[in-house]
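The values are calculated or read from the model by the stated rules, or taken from the named source; none is laboratory data. Remember, predicted model here, so these are calculated numbers, not experimental data. No Cβ is skipped: glycine too gets one built from the backbone with ideal geometry, and neighbour counts run over all protein chains shown. Ligands, DNA and RNA are stripped out before the accessible areas are found, and what is left, the full protein with its side chains, is counted by its heavy atoms. Shrake-Rupley method; radii C 1.70, N 1.55, O 1.52, S 1.80 Å.
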Amino acid sequence: MSATRYTYLGPEGTFTEAALRTLPEAATRELVPMLSVPAALDAVRNGEAAAALVPIENSVEGGVTATLDELASGQPLMIYREVLLPIAFALLVRPGTKLSEVKTVTGHPVAQPQVRNWLRDHLPDAHWESAASNADGARLVQEGRYDAAFAGEFAAATYGLEPLVTDIHDAENAETRFVLVGRPARPAAPTGADKTSVVIWLGDDHPGALLELLQEFAVRGVNLMLIQSRPTGAGIGNYCFAVDAEGHLSDRRVAEALMGLKRICPKVRFLGSYPRAGVAPEDVQPLRRGTTDEEFLAASDWLARCQDGRA
């Protein structure tokens with residue numbers, strides 16, 4: 001395995017590359033762009049890279065399905081950290097192009113919902129076609145296949161383009177969440193501001209099946225930060241659920257919730273416990289009464305005394 005190589009969703013000039021370069025260790029790693037999320041993750045599975053940074057959630061469009069599906073299937077991988085990156089687009093064109101000359105535009109499919117209103121107001125007749133990534137859209141503009149691409153302003157120099165319009169976004173404070181993924185290992189120690197990710201498969205379709213899953217978290221005071229259904233590919237109505245929960249695997253409330261899920265579900269895939277980006281331990285909301293590790297341990301000790309006749 002190459003311990004010094006990180007892959008990412010490329011080509012050069014993507015928001016993913018920009019997010020990866022915010023990590024301190026990126027300065028000492030070989031950063032290798034890949035054409036797709038599956039290719040970036042497969043490089044980790046095959047030992048060609050130590051880790052991959054891929055997008056997993058956008059504050060406007062929601063979950064990135066390609067990443068969620070890849071993490072739910074195939075050889076298991078683990079998330080080790082996350083990165084939040086503010087997102088604003090620039091309309092990149094070949095030098096000299098005027099806005100009135102833009103008839104075709106491109107970008108990543110996740111970009112379109114974030115610029116839909118701007119397009120309606122400024123380029124209502126332009127035809128949109130999706131690209132593999134925003135940077136790939138810039139490359140296609142460079143080659144003359146489209147008139148303009150929505151990408152990061154920083155990608156302009158890489159592809160010999162110029163930003164015709166900058167700071168484009170329909171939603172203020174839009175951001176994308178990226179995750180650094182590697183092969184399974186022991187999770188890092190808890191920080192006090194952590195997140196645990198799992199994928200859960202339903203045993204069978206019956207009334208209240210999803211409620212049963214949610215109750216495993218609720219009764220233990222575990223706050224859910226994301227839950228998204230994804231088809232399993234086994235037929236209409238067959239779903240798994242990607243879940244982000246507040247807390248760390250070493251927290252008793254989280255561990256017991258996962259054990260409860262494992263008892264009632266045919267399959268639970270642990271994706272990792274890792275620090276929450278941009279959140280300090282002092283910013284985390286206090287736990288509900290009865291959900292701290294000390295209270296779980298006290299209850300366990302009380303039960304042992306009952307069993308020994310010492311209650």
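So for region 163-247, taking the charge dipole from beta-carbon charges (+1 Lys/Arg, -1 Asp/Glu), which of 208, 221, 166 sits furthest toward the positive end?
It is 221.
For region 43-64 and region 72-125, what is the separation of their C-alpha centers, rounded to whole Å?
About 17 Å separates the Cα centre of region 43-64 from the one of region 72-125.
Residues of region 159-191 with amide nitrogen under 16 Å from the 7 Å Cα-to-Cβ point of residue 293?
Of the residues in region 159-191, 187-191 have backbone N under 16 Å from the label point off residue 293.
If packing is taken as the mean number of other Cβ atoms within 10 Å per residue, what is the order of 153-159, 243-249, 301-307, 173-179, highest first?
243-249, 173-179, 153-159, 301-307
Evaluate 2.2 N^0.38 Å with N set to the residue count of the chain, then give the Cα radius of gyration divided by it.
Relative to the rule-of-thumb radius for its length, the chain sits at 1.15.
Per DSSP H run of n ≥ 4, the term is -39500 (n - 2.57); total these for the chain, divide by its residue number, and report the mean residue ellipticity at 222 nm rounded to 500 deg cm²/dmol.
Estimated from H runs of four or more residues: -7500 deg cm²/dmol.
Springs between alpha-carbon atoms under 10 Å, Gaussian network over the chain: tell me which of 50, 209, 111 tops the mean-square fluctuations.
Of 50, 209, 111, the most mobile in the Gaussian network model is 209.
Give me the lysines in straight-line cross-link reach of residue 195: C-alpha distance below 30 Å, same-chain residues under 8 apart excluded.
Residue 195 reaches 262, 267.
Using only the heavy atoms of the protein chains and a 1.4 Å probe, how would 225, 34, 78, 259 rank by accessible area, largest first?
Listed by decreasing accessible area, they come as 259, 225, 34, 78.
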